[in-house]
1. Run TYR43 past the list (1) assigned to a loop (DSSP other than H, G, I, E, B); (2) modelled with pLDDT of 90 or more; (3) surrounded by 13 or more Cβ atoms within 10 Å (Cβ to Cβ) and report the number of the one that doesn't hold.
2. Give me the residue from the stretch 146-165 that is more than 30 Å from the chain's Cα centre (by Cα) and either in a loop (DSSP other than H, G, I, E, B) or surrounded by 18 or more Cβ atoms within 10 Å (Cβ to Cβ) (or both) and, out of that set, modelled with the lowest pLDDT.
3. Name the residue, out of THR326, THR322, THR290, THR312, that is surrounded by 11 or more Cβ atoms within 10 Å (Cβ to Cβ), part of a loop (DSSP other than H, G, I, E, B) and touching a strand residue (DSSP E or B) at 6+ places or on another chain (Cβ under 6 Å).
4. Tell me which residues, restricted to the stretch 215-235, are under 14 Å from ARG149 (Cβ atoms) and surrounded by 15 or more Cβ atoms within 10 Å (Cβ to Cβ).
5. Within the stretch 349-397, how many residues turn out to be more than 34 Å from the chain's Cα centre (by Cα), part of a loop (DSSP other than H, G, I, E, B) and without any contact (Cβ under 8 Å) to a residue 24 or more places away in the chain?
6. Which one of LYS63, LYS103 is charged (D, E, K, R), farther than 23 Å from GLU9 by Cβ, at pLDDT 90 or above and part of a strand (DSSP E or B)?
7. Out of all the residues in the stretch 24-31, is one or more more than 20 Å from GLU196 (Cα to Cα), of a type in the set (Ser, Thr, Tyr), surrounded by fewer than 16 Cβ atoms within 10 Å (Cβ to Cβ) and touching a Ser or Thr at 6+ places or on another chain (Cβ under 8 Å)?
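The values are calculated or read from the model by the stated rules, or taken from the named source; none is laboratory data. Because the structure is predicted, anything quoted here is derived from the model rather than measured. We place every Cβ from the backbone using ideal geometry, glycine too, and count neighbours over all the protein chains shown.
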Amino acid sequence: MDVFSPLNEQTATRWKKTLIKPGLNTFTWHYNASHATAYWQFYITNKDWNPNRPLSRESFELKPLLDEKWNNTVPVPAEGTTPHKVYIPADHGGYHVILATWKAADTDATFYQVIDLDIDNGKAPPSDWQHIGTVQPQALKIGDEVFTRAFVEGSELQARQVGLKITSAEESRADVWPYLLAKKVNATNPGFLMGELNVENQVVPNFGMNGFFVKKGSDITSVLVKQVLAEQPGELKVDAMRQNYTLKNGKVDLHFNAIARGVDYTIKATVFNAKGESIAHQQAEAGNNTPQFSITLEDIMVGKFDLVIIATPKKGAQLQHTVSFTVQQESDAQYDHVFPASLKSYVSGTRVLQPKDGKIYECKPFPNSGHCIQWSPSATSFEPGNGANWQAAWSRR
């Protein structure tokens, strides 16, 4: 989806409106770059436009409110501003949109700004509601909670709090939970209402953006929404461990990464032999959720082993991940190298252990054997068992 497509959404309540009065108003254009300018033009929506339909050229009056020529001169340096005095007609009232255009003369570009207005033309009685806050819609998750927080000059009124817990996927949607919270607030009426003002000067819940309103003279000065996010389950995995290791000079070197997601953890690694005895241990620094471990196993026998990774948070559930591996005698090894070690020496018949899947691969006869050495971290097409064209170079054993 085009990331800018949500800007095309148009309803009577989608956008925040700036209150102005008819007559001469000043609009200020801010620049990030300068261009020689042909003109600025400001258009306003028709008196009978439908704010619930997508904006189009037919939504706007044909004649611009302002047609300001600049004869190809540069208005200001980059990051400057220019003021534009625009007369807003008195026969336009309520919600209208201004389309402002800046036509550059030194390129083919035309720049646009859209301004949502609430025009107070004096025909409607003044509202006794005061807007003191806005709720912007965003998606939540099941288990999350949202609370209104009312303040009087910075002091929170705990008794005025209204809460909503998200219990379904439908309720978690960005445009749904604000509506449900507004209904609950308005049914409770804790000294403020939540929603949007309709044409009858009533505050009604809205799907999407909602405002907080109080009667003029209320002691409440602002209302915010607090989100309490449900605890998300943590995740722990181990990377770069192999299924088989070869005993050399009575030792085996383990090199691997632990990766934890969630809160901050303290991660420790312990190796157990087939008797259930712990034979090696290492602990990472607290708060390091992606530690690298290097553990040397000495004076061990061939056989089965378990690597146990434990991730412990300050608060919450502990995570565990166990990896089983085998240690074999060097003479028992069924492969020549652990890929990609000694890469340039690979020839027809060379057998390698692929640590990513624990499988053994044999380099094919000439001429395919030439592909076996064609590997780098950025060119993995012939990587055994993993590259897109690995079967052109290797046979799995």
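1. The number of the failed condition is (1).
2. GLY154
3. Residue meeting the stated conditions: THR290.
4. Across the stretch 215-235, the qualifying residues are ILE220, THR221, SER222, VAL223, LEU224, VAL225.
5. 8
6. Exactly one of LYS63, LYS103 is charged (D, E, K, R), farther than 23 Å from GLU9 by Cβ, at pLDDT 90 or above and part of a strand (DSSP E or B), namely LYS103.
7. Yes: one or more hits.
Okay, residues lined up against (1) assigned to a strand (DSSP E or B); (2) closer than 30 Å to ILE166 by Cα:
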site	(1), (2)
GLN227	yes, yes
MET241	no, no
VAL252	yes, no
ALA258	yes, no
VAL263	no, yes
ALA274	no, no
